[in-house]
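Quick notes on the structure that follows.
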């Protein structure tokens, strides 16, 4: 039986925020940004809400019909190196990361730092689909929900000759993405006194003729 997937709308905001909050409570990067279980449970949802609002406004949230899994995608256009936001491809003020910190958790510098660090490793120069986050609620992992969510977009990327990019936040997820055709896109990002993140790039399975062979950055 296939997995029913739909595009989330504004009415789904609270559902998506709760889903992401639950899915990433035990994620290594979330644990680094919000160290301590009690602190994380009280604060983590604010960052998930901020991410959800950005993607609902500027990208697309794919949601399983039963509300157990979702994927946040941004379409990133081709841009000149150093002149685009890693999520939207649009020119951005460097203070965007500081504003995020003030809105989410003003005293937590890691909220700002994680944005700056991931922006620094994001490839530029070629249009691609960016998998910002994908979450599956606890107890439903291993059922193929994440693979179905990603696969529906990768199939479209293959038809359109479009690349895809993501940052894996754990060894487990990195291995999953490798099975889906993603490869390392540079050295892992070592968070200060924290875990690693793996930038990963996927070429379309059917690529139009081009003299350009990969991302810059």
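Tell me whether region 82-105 contains one or more residues that are part of a loop (DSSP other than H, G, I, E, B) and at pLDDT 95 or above.
yes
Yes or no, residue by residue, for (1) surrounded by fewer than 17 Cβ atoms within 10 Å (Cβ to Cβ); (2) under 19 Å from residue 62 (Cβ atoms); (3) within 16 Å of the chain's Cα centre (by Cα):
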| position | (1), (2), (3) |
| --- | --- |
| 10 | yes, yes, no |
| 21 | no, yes, yes |
| 31 | no, no, no |
| 35 | yes, no, no |
When only residues in region 107-125 that are in a loop (DSSP other than H, G, I, E, B) and under 20 Å from residue 52 (Cβ atoms) count, which is farthest from the chain's Cα centre (by Cα)?
108
Please verify whether residue 188 is under 19 Å from residue 32 (Cβ atoms) and loosely packed, with under 13 Cβ neighbours inside 10 Å, treating the condition exactly as stated.
no
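The values are calculated or read from the model by the stated rules, or taken from the named source; none is laboratory data. Keep in mind that this is a model prediction, so the values were computed, not measured. Positions of Cβ are generated from backbone atoms using ideal geometry, with glycine treated the same way; all protein chains shown enter the neighbour counts.
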